[in-house]
Amino acid sequence: MTTPAPQRQSLAGQTVDVLRELVLTGEIPTGARVNEVELAHRMHISRGPLREAIRQRSEEHTSELQSHHD
């Protein structure tokens with residue numbers, strides 16, 4: 001019997017995990033406004049996946065991250 005290959009998580013999904021960890025460790029305070037440009041640069045991703053991840057995190061109701069860009 002063969003085992004199915006694990007599914008790869010999207011970039012936005014991976015970013016959700018990173019954001020969750022940043023909030024849990026207190027690096028980003030709950031309810032904090034985050035600068036999309038700076039955070040995307042820090043994570044080496046574009047703002048699109050970051051915005052999607054912030055939206056997903058907001059839907060989880062575990063964090064109230066607010067997108068903020070210049």
Largest-first ordering by accessible area, 1.4 Å probe, given options Glu38, Glu60: Glu38, Glu60
Keeping every protein chain in place, order Val34, Val18 by accessible area at 1.4 Å, biggest value first, i.e. largest first. Val18, Val34
Descending principal axes extents, region 1-50, alpha-carbon based, whole Å: 49, 23, 14
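The values are calculated or read from the model by the stated rules, or taken from the named source; none is laboratory data. Being a predicted model, the structure only gives us computed values, none of them experimental. The protein model used for the area step is the full one, side chains on, heavy atoms only, and it has no ligands, DNA or RNA in it. Shrake-Rupley method; radii C 1.70, N 1.55, O 1.52, S 1.80 Å.
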